[in-house]
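To keep things clear, I will list the structure first and then write my remarks on it.
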């Protein structure tokens, strides 16, 4: 009898606790539960998605840009709108992503003309995020001292501006891997 009574009391206690859990209203704070974005370094999926690219250059540049969103904190696709002189080109934003998600650009950003030093085709240049963001007012892109910006000329008429807070020494390896994959994918 002692064992039966003990098990009966335990089951009654568990049922009571379960009942309390099920009856307690769940209040979810979505802000608190939302996972913080962290750029991935696994380039396997990127290699796979670059297998079949559109023939049209503009479509190809937009397609590749959309596929690199998980690898950087933020990014802006720029297209060339002119040349100021032999050292400076003029660029306008065409698309952007932040924290892994695309977002629409306000009309006033679409009319901007960024002055950037001339880059060679497939040149990747590390640059000051602060200097870029002074010309490109996008508050959603973090302008902290930890933010590093890269300008990557992926075509004669397109540049990817990529922002990351990934620290060294991981950043160097990450950029080398992304650069290699993008160069191979775009060369097809």
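Quick notes on this one:
- Inside region 140-168, residues that are under 25 Å from residue 41 (Cα atoms) and not in a strand (DSSP E or B) make up a count of 12.
- Residues in region 114-137 that are in contact with a strand residue (DSSP E or B) (Cβ under 7 Å, 6 or more places away or on another chain) and in a loop (DSSP other than H, G, I, E, B) were compared, and the one that is nearest to residue 186 (Cα to Cα) is 122.
- Residue check, residue 105 under 25 Å from residue 186 (Cβ atoms) and either in contact with a helix residue (DSSP H, G or I) (Cβ under 7 Å, 6 or more places away or on another chain) or in a loop (DSSP other than H, G, I, E, B) (or both): yes
- Scope region 33-50; condition touching a helix residue (DSSP H, G or I) at 6+ places or on another chain (Cβ under 7 Å) and assigned to a helix (DSSP H, G or I); matching residues: 46, 47, 49
- Failed item, numbered, when residue 149 is tested on (1) within 25 Å of residue 36 (Cα to Cα); (2) without any contact (Cβ under 8 Å) to a residue 60 or more places away in the chain; (3) out of contact with any helix residue (DSSP H, G or I) (no Cβ under 6 Å at 6 or more places or on another chain): (3)
Listed here are the residues, each with its yes/no results for (1) loosely packed, with under 12 Cβ neighbours inside 10 Å; (2) farther than 17 Å from residue 70 by Cα; (3) modelled with pLDDT under 85; (4) over 17 Å from the mean Cα position of the chain (by Cα).
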{"position": "103", "(1), (2), (3), (4)": "no, no, yes, no"}
{"position": "117", "(1), (2), (3), (4)": "yes, yes, no, yes"}
{"position": "125", "(1), (2), (3), (4)": "no, yes, no, yes"}
{"position": "129", "(1), (2), (3), (4)": "no, yes, no, no"}
{"position": "141", "(1), (2), (3), (4)": "no, no, yes, no"}
{"position": "176", "(1), (2), (3), (4)": "yes, no, no, no"}
{"position": "188", "(1), (2), (3), (4)": "yes, yes, yes, yes"}
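- Residues of region 51-72 classified as over 17 Å from residue 159 (Cα atoms) and either at pLDDT below 90 or not in a helix (DSSP H, G or I) (or both), total: 5
The values are calculated or read from the model by the stated rules, or taken from the named source; none is laboratory data. No experiment lies behind these values; they were computed from the predicted model shown. When we count neighbours, we look across all protein chains shown, and the Cβ atoms used for this are built from the backbone with ideal geometry, even at glycine.
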